[in-house]
Structure formats: structure tokens, C-alpha cells
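A.B. asks: Pasting a structure below so you can have a look.
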Amino acid sequence: MLTVHGRATSLNVQAVMWTAAELGLAVDRRDVGLNFGGNDTPEYLAMNPNGLVPTLQDEHVTLFESAAIVRYLAARHGRFPFWPEDPVARAPVDMWAEWGKTTLQASFLRPVFWPTLAGTQPDAAARARFEKNLDILESRLAGPFMLGADLTVADIEIGLALFRYFTCGLD
């Protein structure tokens, strides 16, 4: 069984948990971080020197950094089309997953989501940058999912930001 250390409200923990669910993996998720604490203990810092969540433990390895954990789980337990074995077929999945994590999420979470959650309007320029990324996403969708008819790792990283966007109360 996998153990994931991290609180359910963390976007990064959600990426790992969604991936595990898509792969049908049993997970023991333990509340760690923010109001739960526990991420500053010597035991936790031995697993994850950053003191952040998530941290994954399985029988073979202990990992931190959510995108690395997602790719590890997909490589170890996934198969085509979710995570293609062939590097050429996998490249667009990996590219769009990275874009979702480092570009789409980054343009949304701090500059748009957090101000909205706090009851203030996001800066107009920040909102415009995020909307430009939504336009890129819309122009590249190849079907119901990012790369066509099937869910891939890319859809998880992109879907996390979109879920928050559609449920945070933006006009």
C-alpha cells in the first residue's frame, strides 16, 4: 500500500491522489501540513527536507514533489494512453502536464485564486495572463481531454487548476 503524507486540501496532494485513483491504487493518506502540522518533525524532514506536502512512501521509494510523484506512479502502474511507455508518444503528455503545473496553475493560483478566495478581485493584468493561458488551452484541446479521447497525466495537472477556477466564484 502507498502512503501519502499531506492534507486533502493541498492542490499538490490532490494531484497525487487523483493519479492514484485513476490507477486503482490503494492509498493511506495522512493529514500533514498547515493546521495539521507534522511536517516539521525530524521524521518528516528525513523523508522530505523541504517540509512540504506531499510525500509518498511505497515499498520501493520515498518521494517528494507532486509532479515527480505523479510521473512515478504513472510510469510504475500506468499504461497507454494514460502514460505511454514509448518516449515519443509520452512526450506530448509530459509536455502538457508540465505546462499545466508550471504555467496554467502558476498563472491562476497566487494571482487569481487566492485573492478571490480572500474576497478581493484579482489584479486585472493577472487575470488577463490567466485568461490568455485558458485561450491557449482551448485552442489546443484535441477532444474531451487535452490530447484526445482518453484521460492522461496531462489532464490531471490541467484539471486541478480548472476545477478551482470553475468552483471559486469568479465572474
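The values are calculated or read from the model by the stated rules, or taken from the named source; none is laboratory data. The model shown is predicted, which means the values in this text are computed figures rather than measured ones. All Cβ positions, glycine included, derive from the backbone under ideal geometry; neighbour counts span all protein chains shown. Please note that ligands, DNA and RNA were not included when accessible areas were found on the heavy atoms of the full protein model with its side chains. Shrake-Rupley method; radii C 1.70, N 1.55, O 1.52, S 1.80 Å.
A.B. asks: Compute, for S139, the solvent-accessible surface of its heavy atoms (probe 1.4 Å) with the complete set of protein chains present, and express it in square angstrom to the nearest 10.
C.D. replies: Surface accessible to solvent at S139 totals approximately 80 Å².
A.B. asks: Given a cut-off of under 8 Å on Cα pairs at least six residues apart, what relative contact order in percent is computed for the range 1-42? The partial results should precede the final answer.
C.D. replies: Details: 42 pairs, mean separation 20.7, N = 42.
Once divided by the residue count of the range 1-42, the mean separation gives 49 percent.
A.B. asks: Take the alpha carbon atoms of the range 44-58, find their center, do the same for the range 99-131, and report the distance between the two centers in whole angstrom.
C.D. replies: Cα centroid of the range 44-58 versus Cα centroid of the range 99-131: 27 Å apart.
A.B. asks: Over the chain, calculate the relative contact order: mean separation of alpha carbon pairs under 8 Å at least 6 apart, over the residue count, as a percent.
C.D. replies: After rounding, I find 21 percent.
A.B. asks: Please calculate the 1.4 Å probe accessible area of V27, with all protein chains present, and give it to the nearest 10 Å².
C.D. replies: Here the residue's solvent-accessible area equals roughly 40 Å².
A.B. asks: Moving on. Where both partners of a DSSP beta bridge lie in the chain, what percent of those bridges are antiparallel, to the nearest 5?
C.D. replies: Within the chain, antiparallel bridges account for around 65 percent of the total.
A.B. asks: Still on this structure: For the range 18-74, take N as its residue count and report Rg(C-alpha) divided by 2.2 N^0.38 Å.
C.D. replies: On the way: Rg = 11.6 Å, N = 57, 2.2 N^0.38 = 10.2 Å.
For the range 18-74, the normalised Cα radius of gyration is 1.13.
A.B. asks: Once R0 is set to 45 Å, what does the formula 1/(1 + (r/R0)^6) return for the Cβ-Cβ distance between L34 and D86, expressed as a FRET efficiency to the nearest 0.05?
C.D. replies: 0.70
A.B. asks: Where does the charge balance sit around A21 when Lys and Arg score +1, Asp and Glu -1, over other residues with C-beta under 14 Å from its C-beta? Mind showing how you got there, number by number?
C.D. replies: Working: positive: R29; negative: E22, D28, D155.
Overall, the nearby charge balance is -2.
A.B. asks: Sticking with this structure for a sec: Mind listing the phi-derived Karplus ³J(HN,Hα) values for the range 108-124, rounded to whole Hz, using 6.51, -1.76 and 1.60 with θ = phi - 60°, and x for any glycine or proline?
C.D. replies: 10, 4, 6, x, 10, 5, 5, x, 4, 4, 7, x, 10, 7, x, 3, 4
A.B. asks: Shifting gears a bit: Run the accessible area of the chain with a 1.4 Å probe and give the carbon-and-sulfur part as a rounded percent.
C.D. replies: On the way: 5070 of 9180 Å².
Carbon and sulfur together cover 55 percent of it.
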